[in-house]
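Just below is one structure, and these are the notes that go with it.
The values are calculated or read from the model by the stated rules, or taken from the named source; none is laboratory data. For clarity, every value in this text was computed on a predicted model and none was experimentally measured. So basically every Cβ, Gly included, is an ideal-geometry build from the backbone, and we count neighbours across all protein chains shown.
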Amino acid sequence: MALFSKIFAKIRGGQTSHSDWDEIHDSLIAADLGAKSAGEIIEIAKKTKSDEISDAIITALKNWLSTSDRNLAFNLDRPTTVMIVGVNGTGKTTSTAKLVSHLKGEKKSVLLAAADTFRAAAVEQLQTWAQRLNVEVVTGPVNGDPASVAFDAATRAKSENINYLIIDTAGRLHTKSGLMDELGKVRRVVEKVLPIDEVLLVVDATTGQNGVIQAKVFMESVAITGLILTKMDGSAKGGIALAIERETGVPVKFIGTGEGASDLEPFVAERYLNGLLA
Ligand SMILES: Nc1nc2c(ncn2[C@@H]2O[C@H](COP(=O)(O)OP(=O)(O)OP(=O)(O)O)[C@@H](O)[C@H]2O)c(=O)[nH]1
Ligand SMILES: [Mg+2]
């Protein structure tokens with residue numbers, strides 16, 4: 001990404017002209033930092049002595065990142081429950097598979113719930129991953145009640161004392177209130193058996209600022225505990241992580257960097273900032 005290194009170089013080059021500032025502003029917008037943060041960075045840069053600009057900007061960036069815990073929840077005494085939510089096609093099912101791979105690497109047992117009952121293909125996609133990763137998946141009838149699949153899975157996870165239950169849900173437009181309410185129902189029904197520990201919102205990093213809007217709307221319907229930012233291997237500029245965290249305070253917990261089960265990395269704030277600044 002190295003977004004800021006170019007900017008620092010430009011500023012250090014001496015007189016920063018009007019068009020230089022415009023160019024810097026445009027590159028911040030193009031990196032998906034968002035208009036508000038881009039404007040503020042320019043303000044900071046303009047009012048700070050040139051040899052202190054990089055420190056001032058780094059301080060601002062650090063302050064905008066979420067201070068919440070980025071580790072995935074884990075309970076020693078009962079199954080840890082994770083709901084995967086998001087708009088259509090962001091990478092929920094793939095991220096579910098990636099989480100399985102990550103958790104199996106930590107020697108944790110995992111059970112899956114195929115709570116996307118809208119399409120037979122969605123259940124099959126999860127089953128294919130489950131076979132490949134050697135975990136069980138609880139399914140229900142196509143067009144059945146997703147909450148009932150999640151409930152059955154939670155009951156089983158509890159009785160078999162599985163470490164993690166991951167519930168893959170159907171993609172839904174954040175603008176459809178009926179579908180958003182359904183997520184609340186899945187949550188309430190599971191909570192008759194087990195508390196929900198994590199609700200991870202999967203955001204496609206290539207959708208830019210729309211990701212911020214998605215995060216805000218999902219937050220209103222279900223209490224989001226973290227984000228998975230997918231497709232960071234593509235053309236995504238990465239500023240979106242900062243934009244979402246600043247606007248919502250919700251921490252990015254993982255980033256997706258490809259289509260394979262191992263293409264998942266924990267989000268490490270220092271590494272991310274170094275990537276922007278390096
Ligand atoms: N390059 C890249 N592709 C990804 C990543 N994550 C998911 N994909 C791809 O994105 C497409 C959609 O992924 P799914 O996991 O099916 O998305 P979903 O959110 O479950 O989709 P719906 O259930 O239909 O809403 C697939 O082609 C995935 O391989 C990623 O991190 N990088
Ligand atoms: Mg899916």
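No other residue among THR80, THR155, THR59, THR67 is among the polar types (S, T, N, Q) and either within 16 Å of ligand 1 (Cβ to nearest atom) or crowded, with 21+ Cβ neighbours inside 10 Å (or both) apart from THR80.
For the range 187-214, residues that are among the small types (Gly, Ala, Ser) and either surrounded by fewer than 23 Cβ atoms within 10 Å (Cβ to Cβ) or modelled with pLDDT of 95 or more (or both) total 1. Scanning the range 180-220 for residues that are in contact with a helix residue (DSSP H, G or I) (Cβ under 9 Å, 6 or more places away or on another chain), of a type in the set (D, E, K, R) and either under 20 Å from THR155 (Cβ atoms) or part of a helix (DSSP H, G or I) (or both) turns up ASP181, GLU182, LYS185, ARG187, ARG188, GLU191, LYS192, LYS216, GLU220.
Among the residues of the range 247-278, those that are of a type in the set (Gly, Ala, Ser), within 29 Å of GLU220 (Cα to Cα) and away from ligand 1 (no atom under 16 Å from the Cβ) comprise GLY249, ALA269. Is there a residue being assigned by TED's automatic domain parsing to the domain that holds GLN127, surrounded by fewer than 22 Cβ atoms within 10 Å (Cβ to Cβ) and either free of Cβ contacts under 8 Å to residues at least 24 places away in the same chain or not in a loop (DSSP other than H, G, I, E, B) (or both) anywhere in the range 223-233? Within the range 223-233, none of the residues are assigned by TED's automatic domain parsing to the domain that holds GLN127, surrounded by fewer than 22 Cβ atoms within 10 Å (Cβ to Cβ) and either free of Cβ contacts under 8 Å to residues at least 24 places away in the same chain or not in a loop (DSSP other than H, G, I, E, B) (or both). Selection over the range 158-193 of residues that are of a type in the set (A, V, I, L, M) and within 16 Å of ligand 1 (Cβ to nearest atom) gives a count of 8.
Just one residue in the set VAL123, VAL142 is surrounded by 15 or more Cβ atoms within 10 Å (Cβ to Cβ) and farther than 22 Å from PRO266 by Cα; that residue is VAL123.
If you go through the range 257-278 and keep only what is touching a strand residue (DSSP E or B) at 6+ places or on another chain (Cβ under 9 Å) and hydrophobic (A, V, I, L, M, F, W, C), you end up with LEU264, PHE267, ALA269.
To keep it simple, each residue is scored yes or no on (1) of a type outside the set (Lys, Arg); (2) within 30 Å of GLU136 (Cβ to Cβ); (3) away from ligand 2 (no atom under 16 Å from the Cβ).
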site: TRP21; (1), (2), (3): yes, no, yes
site: ILE42; (1), (2), (3): yes, no, yes
site: LYS47; (1), (2), (3): no, no, yes
site: LEU65; (1), (2), (3): yes, no, yes
site: ALA73; (1), (2), (3): yes, yes, yes
site: THR80; (1), (2), (3): yes, yes, yes
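Taking the range 83-120 as the range and being assigned to a helix (DSSP H, G or I), within 16 Å of ligand 1 (Cβ to nearest atom) and either surrounded by 15 or more Cβ atoms within 10 Å (Cβ to Cβ) or touching a residue at least 60 places away in the same chain (Cβ under 8 Å) (or both) as the test, the residues that pass are LYS92, THR93, THR94, SER95, THR96, ALA97, LYS98, LEU99, VAL100, SER101, HIS102. Tell me, which residue of the range 121-150 that is within 16 Å of ligand 2 (Cβ to nearest atom) and in contact (Cβ under 8 Å) with a residue 40 or more places away in the chain is farthest from TYR164 (Cα to Cα)? Applying the filter and picking the extreme gives ALA122. Quick one: is LYS231 closer than 25 Å to VAL123 by Cβ, touching a helix residue (DSSP H, G or I) at 6+ places or on another chain (Cβ under 6 Å) and of a type in the set (Lys, Arg)? Considered against the rule, which asks whether it is closer than 25 Å to VAL123 by Cβ, touching a helix residue (DSSP H, G or I) at 6+ places or on another chain (Cβ under 6 Å) and of a type in the set (Lys, Arg), LYS231 comes out as yes.
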